[in-house]
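Chemist: What follows is a single structure, and I will ask about it in a moment.
Any read-out appearing in this document is the output of simple, stated calculations on the displayed coordinates, not a laboratory observation. Computed from a predicted model, the values in this text were never measured in an experiment. Methodologically, a virtual Cβ is constructed for each residue, glycine included, from the backbone with ideal geometry; neighbour enumeration extends over all protein chains shown.
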Amino acid sequence: MFTKILIANRGEIACRVIKTARRMGIATVAVYSDADARAPFVAMADEAVHIGPSPAAQSYLIPEKIIAACKQTGAQAVHPGYGFLSERASFVEALEAEGIAFIGPPASAIAAMGDKIESKKLALAAGVNVVPGFVGEIEDTEHAVRISDEIGYPVMMKASAGGGGKGMRLAYSESDVREGFEAVKREGLNSFGDDRVFIEKFILNPRHIEIQVLGDKHGNILYLNERECSIQRRHQKVVEEAPSPFVTEKMRKAMGEQCVALARAVGYYSAGTVELIVSGADPSGESFYFLEMNTRLQVEHPVTEAIAGIDLVEQMIRVAAGEKLSFGQKDVTIDGWAIENRVYAEDPYRGFLPSTGRLVRYTRPPAKFHQAPFSPSRLREGSGVGGSETDAQAHPKPLPQAGGESYIRIDDGVQEGGEVSMFYDPMIAKLITWAPTRDEAADLQVRALDTFRIDGPGHNVDFLSAIMQHPRFRSGELTTGFIAEEYPDGFTGAPASPELLRALAAVGGIIATADADRARRIDQQLDGPLYPPGDWAVRIAGTDYAVRLDEDSILVDGEPVELSFDYTPGDTMVEVQWSAHPELVEGSGARASTSSARTEVLGIQLARTRTGYAITTRGATHTLRILPARIAHLAGHMIEKIPPDLSRLLICPMPGLLVKLHVGEGDEVQPGQPLATVEAMKMENILRAEKQAVVARINAAEGDSLAVDAVILELE
């Protein structure tokens, strides 16, 4: 067994590998760029070596620097994580030439599977189902159009060396091919150094299923069942789960055996993933096709670990050291259900645009959830109600073996005060939940997402929570078009039920009363009773609620709302347990007993506004205007500020590079016409005209680095 390994990666996957190596008694070496000098993975490792400037092309992607770091520190092996050099056969060969082990598959397997064109030919030869398409090299755009016409639309254009959603375009017509083919080539060249493109038939109602395989150097190859990764945006996975709610035992066996046959055909060992596309339109579920094989550890590997009770990183290290697998196919089982959500630095309220910047606040979900019974009279104690800041900031418990109680696992590589850099992937964390059933795992996701605190860059926590609550997700009726179909006009927040809004109105009244009493205490205005009845007018989403607190109850519009409440004045994290009475929801006006009420727990985040609070919970931010009831009627006399008209400006929605200007001054443009292309996070984003207009002025040039909200051009 190795005594020291080097991790040729960064961020959360570097932290993940270090944790397993430490448990195995293996020393670790981190390599880092300028941007990562203060990153958590650098501090976690036993040693760290600086390898260059922030751009990956000048640091993490240079094999010679990794090898030099191995020699400098005496590292015997390299774990590549995912991305960067993890699927570069020449890197494996260079390590072997220096007598350094590669914790991954052989170079021959990486080369065979890394080329999507050649991998399809190998899959066909191994008897694996393959999507119909053109697997040769495409000469130019005209050739691409002819091929697409022959295959039949829709088609998918993919960079041969692509991955992670980069270098992919869906074409429904000839014009889509003409517009997207060159962009796919550029993205392939910029991200992977290879501009070759292939085209294949796009499967309707597709589900993305992948099979985890694991092999050793002694000829043993297993499949560790499947993951469902159908919920994607721009071909980038957002939610993953294991097992799939769609796959039957018969499908699982057929898929697994084909994937093992493919792995055996290329002499594979270590962990790898075979990605399949399954037609959801086929009720038999047997129409599955090979997409590609990822010859590395996948981002979503934790959900497989959770249901199988197997540490994949540990197995990779043991296989690289020459050990045999200690278990067989019959030992691989499915225990419970696991779901992973990718928490990204992107803003779903602005079209999922990438976001960068400093993590001003970063708090993981707590180790355990807790509630304290609320009584209005408790506010007399003067210190608020509930838990301490230490409880709110506690880290979640570590991953146990599969089975037992439900749990939360967070894989991240960031810390409060750190930077989400423009140089790398915008992932902040991976939130994994395990529970005995799928619904329980999803419920735990919602609860954990409620208590994730991220301030600074934009993030997608609300969006992830909305997906977890979505009836279609809960039904398991998933396709890769889920996000586009369910959010065609963009994301504006998860819908809130009437009973949830009533509960939030009650929360607003409680906090307003607590803050008012606290202010009176600070001002020493103690000439009257410390606790006057709270009587508030609360407006949420255009609806007015009359909230009144007395010694024994909380009334919303004259009807009681049952709450357990945990709040510390001045803190931003609140936990609420509330009961929605079925009779009240139906409008009968009858008061339900506590025993018949439906109880839910909310973790809410508060931010002060000029006239109340913004409360974030359950996938949306609700602005509460809270005024004393006696003056609320005066709000109608306030003049509202009219926002400026920005429709005549093309504004850069994210920090990025202006790759191309499609128009010039004086040009007339039509709705939907491309105006400019901005590259951010290695992805090209086409900015289009929203209305018919004439270009009056251009304020930027191709090659300029643009800040967010920079004006690219003006229309008239």
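Chemist: Can you find, among 49, 14, 67, the residue farthest towards the positive end of the dipole of segment 4-103? Put +1 on the C-beta of Lys and Arg, -1 on that of Asp and Glu.
Modeler: Farthest along the dipole direction, towards plus: 14.
Chemist: So what's Rg/Rh here for segment 4-47, counting alpha carbon atoms and using the Kirkwood radius for Rh? It would help to have the intermediate numbers written out before the result.
Modeler: On the way: Rg = 9.4 Å, Rh = 10.1 Å.
Rounded to two decimals, Rg over Rh is 0.93.
Chemist: R0 = 22 Å: FRET efficiency of residue 146 with residue 673, Cβ-based, nearest 0.05?
Modeler: E between residue 146 and residue 673, to the nearest 0.05, is 0.25.
Chemist: Which far-off residues, 5 or more places away or on another chain, put their amide H under 5 Å from the one on residue 428, with H placed in the peptide plane?
Modeler: 343, 344, 345
Chemist: What net charge do the residues around residue 236 carry, taking every other residue with its C-beta under 11 Å from that of residue 236, with Lys and Arg at +1 and Asp and Glu at -1?
Modeler: Residues close to residue 236 contribute a combined charge of +3.
Chemist: Right, here's the next one. Between beta-carbons, use under 12 Å as the cut-off and find the net charge around residue 648, counting Lys and Arg +1, Asp and Glu -1.
Modeler: Counting the neighbours of residue 648, the net charge comes to -2.
Chemist: Next question, about the same structure. For segment 118-272, rounded, prolate or oblate, judged on the Cα gyration tensor with a ≥ b ≥ c (square roots of eigenvalues), a/c < 1.5 rounded, else prolate if a/b > b/c? Walk me through the intermediate numbers first.
Modeler: Numbers: a/c = 1.94, a/b = 1.65, b/c = 1.17.
Prolate shape, in that a/c is at least 1.5 and a/b is the bigger ratio.
Chemist: Using DSSP to call loops (not H, G, I, E or B), can you name the GluC sites (Glu not before Pro) in segment 430-518 whose Cβ has at most 16 other Cβ atoms within 10 angstrom?
Modeler: Answer in residue order: 477.
Chemist: Considering only Cα-Cα distances, which of the following residue pairs are longer than 26 Å: 158/217; 201/237; 253/430? Please report the intermediate quantities before stating the final value.
Modeler: On the way: 158/217 32 Å; 201/237 20 Å; 253/430 29 Å.
Long pairs (Cα-Cα over 26 Å): 158/217; 253/430.
Chemist: Just want to confirm a number: the relative contact order over segment 132-202, from Cα pairs under 8 angstrom separated by 6+ residues, in percent.
Modeler: Relative contact order here is 43 percent.
Chemist: List the pair-distance distribution P(r) of segment 411-531, using every Cα-Cα distance, as the percent of pairs falling in each 5 Å bin from 0 up to the bin containing the longest distance, rounded to whole percents.
Modeler: Percent of Cα pairs in each bin: 2, 8, 13, 14, 15, 14, 11, 8, 6, 4, 3, 1, 0.
Chemist: Let me ask something else. Give the residue list of trypsin sites (Lys or Arg not before Pro) in segment 657-698 that are DSSP loop and have at most 16 other beta-carbon atoms within 10 angstrom.
Modeler: Sparse-neighbourhood loop trypsin sites (Lys or Arg not before Pro): 691.
Chemist: May I pose another question? Quick one: net charge of residue 151's neighbours, Cβ under 14 Å, K/R +1, D/E -1? Display every interim value, and only then the final one.
Modeler: Details: positive: 120, 146, 158, 201; negative: 149, 150, 174, 176, 200.
Here the charged neighbours net out to -1.
Chemist: Given points 7 Å out from each Cα along the Cα-Cβ axis, report the residue 125 to residue 249 separation in nanometres with one decimal.
Modeler: Calculated label separation equals 3.6 nm.
Chemist: Compute the separation of the alpha-carbon centres of segment 667-700 and segment 76-152 and state it in Å as a whole number.
Modeler: If you average the Cα positions of each part, the centres end up 35 Å apart.
Chemist: So for segment 303-347, what percent of the C-alpha to C-alpha distances run longer than 14 Å?
Modeler: Result for the distance tail: 62 percent.
Chemist: In µm²/s, what is D for segment 132-202 at 20 °C and 1.002 mPa s, where D = kT/(6 pi eta Rh) by Stokes-Einstein and Rh is the Kirkwood radius from Cα pairs?
Modeler: 187 µm²/s
Chemist: How far apart, in nm, are two points set 7 Å out from the Cα along the Cα-to-Cβ line at residue 665 and at residue 707?
Modeler: If labels sit at residue 665 and residue 707, their model points lie 2.4 nm apart.
Chemist: Right, another one. Volume per residue, Å³, of the convex hull around the alpha-carbon atoms of segment 4-103?
Modeler: 80 Å³
Chemist: Related question: Can you give the Rg and Dmax of segment 619-667 based on its C-alpha atoms, in angstrom?
Modeler: My reading of the Cα-based Rg and Dmax gives 20.9, 58 Å.
Chemist: So, one more: Trypsin sites (Lys or Arg not before Pro), restricted to segment 220-261: which are DSSP loop and have at most 15 other Cβ atoms within 10 Å? Don't skip to the end; give the middle numbers.
Modeler: On the way: sites: 227, 233, 234, 237, 250, 252, 253; in loops: 234.
Passing both the DSSP loop test and the Cβ count: 234.
Chemist: If a helix is a whole DSSP H run, which ones in the chain reach 27 Å or further along their own axis (Cα) and hold a mean Kyte-Doolittle hydropathy of at least 0.0?
Modeler: Numbers: long enough: 498-522 (36 Å, 0.40).
Helix filter hits for the chain: 498-522.
Chemist: Here's another thing I want to ask about it. Considering only C-alpha atoms, what is the centroid distance from segment 701-715 to segment 434-454, in Å?
Modeler: 40 Å
Chemist: Any aspartates and glutamates with Cα under 16 Å of the residue 691 Cα? List them, leaving off those in the same chain fewer than 8 positions away.
Modeler: Partners within reach: 645, 667, 668, 714, 716.
Chemist: Right, here's the next one. Do the sum for the chain: with -39,500 (n - 2.57) for every DSSP H run of n ≥ 4, divided by all residues, what is the mean residue ellipticity at 222 nm, to the nearest 500 deg cm²/dmol?
Modeler: -7500 deg cm²/dmol
Chemist: Further question: Counting alpha carbon pairs within less than 8 Å and at least 6 residues apart, what relative contact order, in whole percent, applies to the chain? Could the numbers behind the result be given before it?
Modeler: On the way: 1620 pairs, mean separation 70.6, N = 716.
The normalised contact order for the chain reaches 10 percent.
Chemist: Which lysines, if any, have their Cα less than 19 Å from the Cα of residue 4, not counting same-chain residues under 8 positions apart?
Modeler: Filter leaves 19, 65, 71.
Chemist: What is the fewest-to-most order of 316, 422 by other Cβ atoms lying within 10 Å of their Cβ?
Modeler: Starting with the residue having the fewest Cβ neighbours, the order is 422, 316.
Chemist: Quick one: which of 661-668, 199-206, 240-247 comes out on top by average Cβ neighbours within 10 Å, and what's the full order, highest first?
Modeler: The densest-packed peptide leads the list: 240-247, 199-206, 661-668.
Chemist: Hey, another quick one. Based on Cβ point charges of +1 for Lys and Arg and -1 for Asp and Glu, what charge dipole magnitude is obtained for the chain about its Cα centre, in debye rounded to the nearest 20?
Modeler: Values: 72 positive and 99 negative charges, 240 e Å.
With only Lys, Arg, Asp and Glu charged at Cβ, the dipole is about 1160 debye.
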